[in-house]
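The values are calculated or read from the model by the stated rules, or taken from the named source; none is laboratory data. Predicted model only: the values in this text are computed from it and were never measured. Here Cβ is always computed from backbone atoms with ideal geometry, including for glycine, and neighbour counts include all displayed protein chains.
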Amino acid sequence: MTNSKHMTRVYLLICLLLLIDYSLIAKTKISEIIKYVVINDGPQRAVEVYSNLKRTAASEYDWDIEHLDKLVADLIEQQYIEEALSVAALNIAAYPTSELVYASMGLAQLAKGDTTLAIEYFDKSQYIRHNHTSITWLHQLLKGSEYERKVVGDAGHIYAYSPYEMYDYNQISHPEAEGVAVDKVIGWYEKAAQIPQLYNMTISRNDKMIAEHYFQYNQNIRTDMREGTEAFVSMLLGIAIKQGKVSGLNSSIGNYLAEKGLHGATASLSFKDLVSGKSGLYASDDQIKQWRRERYKLSYTSRLSPGTKTFGHNALAGHLLAAAIQESTGASLFRYAKVQLFHPMIIYPTYWTNDHLYFNYGTEGLCLYSREMVALGQLILNMGQYPNGGQLVPSDWMAKATTKFTDLSKPSSDKHYLRDHGYGYGFHIYQSKGHKVIIAQGSGGQNIVAVPSKRLLITTAADQFDLGGEEAILDLIFEIVDGV
């Protein structure tokens with residue numbers, strides 16, 4: 001009997017021991033290994049060790065993200081800045097959806113002295129999840145003179161707030177003061193309220209906002225510009241050409257993407273082919289679905305061959321264009337846009353969709369607040385010039401990009417604005433009762449509408465997944481254009 005009780009106790013003890021995962025107790029922190037290697041053998045060796053252990057002995061080490069995050073802070077404190085940057089990059093690769101890793105990279109970039117990149121990483125961290133580290137540093141960094149509130153106009157209107165306050169980039173005015181009857185404005189907004197897909201609409205004239213309303217959500221919701229993104233890719237191409245980073249509109253993208261595996265007929269496509277919507281790249285519905293599932297979209301695109309160069313919005317072509325510009329500048333397209341456009345305008349978009357090779361999409365994915373849309377609309381309205389910001393986009397490029405090169409007119413349409421419609425380089429061009437109308441136009445009702453001859457700017461944001469309101473939104477836009 002005693003022996004039986006003894007065996008029972010042994011059995012119970014074994015069962016309890018099986019419940020304990022001794023591997024958790026015995027595991028060495030990977031952060032300790034990496035810290036030793038990075039200090040003694042350098043960042044490159046640390047990357048190799050990290051990768052090898054992750055691949056061959058992952059279960060033997062403790063990979064806790066907070067330990068790795070603290071390692072970055074420790075290295076910065078000890079003035080191992082390059083080493084901290086390397087570890088931060090490893091953390092981002094391992095935990096791309098964590099706000100902690102981007103905040104750490106922001107701190108490392110700050111220690112290096114690169115304020116622009118630091119802001120970008122804090123932005124990204126804050127976008128993923130609000131956190132004290134990022135918001136504190138953003139507020140501190142953006143107190144610099146280049147990020148101060150800008151006050152313009154005799155009445156002292158606020159022209160731009162610093163980020164993370166309520167954005168107000170534009171001077172505000174009254175409709176009557178800008179030559180627009182209030183009754184008309186009320187009528188337009190009453191009609192807008194009847195379009196269920198419409199999120200918001202703003203109207204500006206003479207560089208002053210005269211009306212805005214949020215039918216759904218509020219001013220702190222960003223919407224994807226969808227195909228309207230093409231207009232801003234076009235602007236960045238114009239800047240890259242002006243800076244000599246792209247040798248010319250007719251140069252082949254293969255010159256810039258050869259190292260990424262682009263070859264054959266696709267590599268011979270020119271920047272002009274892509275930005276004009278005439279690449280000839282064709283993909284069936286099944287291929288488009290596969291492309292959207294493909295992790296490495298550029299590699300998939302390069303396997304397709306262009307056909308007849310007829311016009312068409314093409315996600316694959318847009319992706320090639322964005323990637324080629326990115327390779328020519330040596331920076332992500334989003335970062336290039338921040339440096340060349342957004343930050344000089346004192347605006348801070350935080351998200352532009354990218355693939356797994358970190359190429360930003362060329363025909364979708366740039367997400368903007370409505371007032372960011374207004375600010376960028378001013379840039380279009382003024383042919384690349386921004387008030388107090390200088391000539392950000394070359395005026396000759398803007399003139400070219402907003403010229404109709406492809407005729408998309410429907411002469412028999414009952415809608416007058418469709419009877420004279422075309423496409424330039426990233427922009428839709430309409431004529432309405434003798435006035436040129438330029439639109440950065442995205443599916444679902446995302447529109448930035450500039451009418452230079454009337455000094456008129458209209459923006460709309462809508463449900464990108466419900467296309468049922470597109471026609472009604474365009475009808476209303478042109479009613480406003482004709483009514484001002």
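Below is a table of values for the structure above.
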| quantity | calculated |
| --- | --- |
| Residue match in region 372-386 (condition: assigned to a loop (DSSP other than H, G, I, E, B) and more than 28 Å from Phe311 (Cβ to Cβ)) | no |
| Conditions (1) in the same structural domain as Gly377 (by TED's automatic domain parsing); (2) farther than 20 Å from Leu376 by Cβ; (3) surrounded by fewer than 20 Cβ atoms within 10 Å (Cβ to Cβ); (4) not small (Gly, Ala, Ser): number failed by Tyr189 | (1) |
| Pair list, Cβ < 7 Å and 6+ apart or interchain, from region 186-209 residues that are farther than 17 Å from Leu474 by Cβ to residues that are of a type in the set (D, E, K, R) | Arg205/Glu178; Arg205/Arg455; Asn206/Glu178; Asn206/Arg455; Lys208/Glu178 |
| Matching option when the condition is in contact (Cβ under 8 Å) with a residue 40 or more places away in the chain, surrounded by fewer than 17 Cβ atoms within 10 Å (Cβ to Cβ) and of a type outside the set (Val, Ile, Thr), among Leu320, Leu357 | Leu357 |
| Region 410-420, residues that are surrounded by 16 or more Cβ atoms within 10 Å (Cβ to Cβ) and over 15 Å from Glu471 (Cα atoms) | Asp420 |
| When residues of region 258-285 are limited to those that are at pLDDT below 90 and polar (S, T, N, Q), the one nearest to Ala317 (Cα to Cα) | Ser279 |
| Tally, over region 223-258, of residues that are over 21 Å from Lys338 (Cβ atoms) and in a loop (DSSP other than H, G, I, E, B) | 6 |
| Meets criteria (farther than 20 Å from Gly362 by Cα and in a helix (DSSP H, G or I)) for Tyr189 | yes |
| Residue that is surrounded by the fewest Cβ atoms within 10 Å (Cβ to Cβ) [pool: residues in region 69-125 that are among the acidic types (Asp, Glu) and closer than 21 Å to Asn40 by Cα] | Glu77 |
| Positions within region 269-296 being touching a residue at least 24 places away in the same chain (Cβ under 8 Å) and in contact with a strand residue (DSSP E or B) (Cβ under 9 Å, 6 or more places away or on another chain), in sequence order | Leu269, Phe271, Asp273, Leu274, Ser276, Gly277, Lys278, Ser279, Gly280, Leu281, Tyr282 |
| Boolean, Ala462 is touching a residue at least 60 places away in the same chain (Cβ under 8 Å) and out of contact with any Lys or Arg (no Cβ under 9 Å at 6 or more places or on another chain) | yes |
| Residue among Glu364, Glu327 that alone is in the same structural domain as Ile239 (by TED's automatic domain parsing), crowded, with 23+ Cβ neighbours inside 10 Å and in contact with a Lys or Arg (Cβ under 8 Å, 6 or more places away or on another chain) | Glu364 |
| Qualifying position, being within 20 Å of the chain's Cα centre (by Cα), over 23 Å from Val275 (Cα atoms) and assigned by TED's automatic domain parsing to the domain that holds Ala240, among Phe427, Phe465 | Phe465 |
| Only listed residue being more than 30 Å from Ala258 (Cβ to Cβ), of a type outside the set (Val, Ile, Thr), modelled with pLDDT under 90 and part of a loop (DSSP other than H, G, I, E, B), chosen from Pro344, Pro349 | Pro349 |
| Residue within region 473-481 that is of a type outside the set (Lys, Arg), out of contact with any Ser or Thr (no Cβ under 7 Å at 6 or more places or on another chain) and assigned to a strand (DSSP E or B) present | no |
| Among the residues listed as Gly228, Gly238, the single one being surrounded by 23 or more Cβ atoms within 10 Å (Cβ to Cβ), closer than 23 Å to Asp475 by Cα, in the same structural domain as Ile473 (by TED's automatic domain parsing) and at pLDDT 90 or above | Gly228 |
| Selected residue [in the same structural domain as Val449 (by TED's automatic domain parsing), surrounded by 23 or more Cβ atoms within 10 Å (Cβ to Cβ), under 22 Å from Phe427 (Cβ atoms) and not aromatic (Phe, Trp, Tyr)] from Ser279, Ser204, Ser270, Ser251 | Ser279 |
| Test: residue in region 418-436 that is more than 15 Å from Gly238 (Cα to Cα) and touching a Gly at 6+ places or on another chain (Cβ under 7 Å) | yes |
| Identity of the residue in region 282-294, of a type in the set (Lys, Arg) and either in contact with a Ser or Thr (Cβ under 9 Å, 6 or more places away or on another chain) or over 16 Å from Gly362 (Cα atoms) (or both), that ends up surrounded by the most Cβ atoms within 10 Å (Cβ to Cβ) | Lys289 |
